[in-house]
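Okay, so here's the structure we're looking at.
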Amino acid sequence: MSIQVYELSGVNIASENFGGEIVAVNLDSGKYYSILNTGAYVWNALLASSSVDQIIKLLSDHYQIDPSKVSEDIVSFVEQIKNEGLIKPVQVARQATDTDKPLGSYTAPKFEVFSDMQEILLLDPVHDVDASGWPLANK
């Protein structure tokens, strides 16, 4: 049995956690993103190979919220980040890994797109990046 999970779309996508806020950069488009609240948890869970269904169940159980409300928020968030080219679906034939429990109270994922640095990020069309997508340091 396979489950639907996601991974970063490619080496030109980078993300980092800054005190609960995920900052992601798409070096192909020159856009960067702020992922807040429950969105940061969902981002990390997706990249740890949890399926959307698993995330919805965990969040609705943990916060004791109607699964249909959680589902609406999470599916919408995943569609946003997928449409921005940050993640892509992959099929795997294994059980997803457990992720850390969410913290605080439930809030809908928050996703913001910024293009104010787009020209700077697109200035260099060839980016030498490591496996996680961050630029390599000069040797």
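The values are calculated or read from the model by the stated rules, or taken from the named source; none is laboratory data. All values reported here derive from a predicted model rather than from experimental measurement. Methodologically, a virtual Cβ is constructed for each residue, glycine included, from the backbone with ideal geometry; neighbour enumeration extends over all protein chains shown. Ligands, DNA and RNA are excluded from the accessible area calculation, which covers all protein heavy atoms including side chains. Shrake-Rupley method; radii C 1.70, N 1.55, O 1.52, S 1.80 Å.
Evaluated against (1) in contact with a helix residue (DSSP H, G or I) (Cβ under 6 Å, 6 or more places away or on another chain); (2) modelled with pLDDT of 90 or more; (3) crowded, with 20+ Cβ neighbours inside 10 Å; (4) not acidic (Asp, Glu), residue 71 falls short on exactly one condition, (3).
If you go through the range 28-63 and keep only what is open to solvent by 20 Å² or more (accessible area, probe 1.4 Å) and either part of a strand (DSSP E or B) or within 18 Å of residue 10 (Cβ to Cβ) (or both), you end up with 28, 29, 31, 32, 36, 47, 49. Considered as a group, the residues in the range 1-27 that are among the β-branched types (Val, Ile, Thr) and under 14 Å from residue 87 (Cβ atoms) include one that is surrounded by the fewest Cβ atoms within 10 Å (Cβ to Cβ), and that residue is 11.
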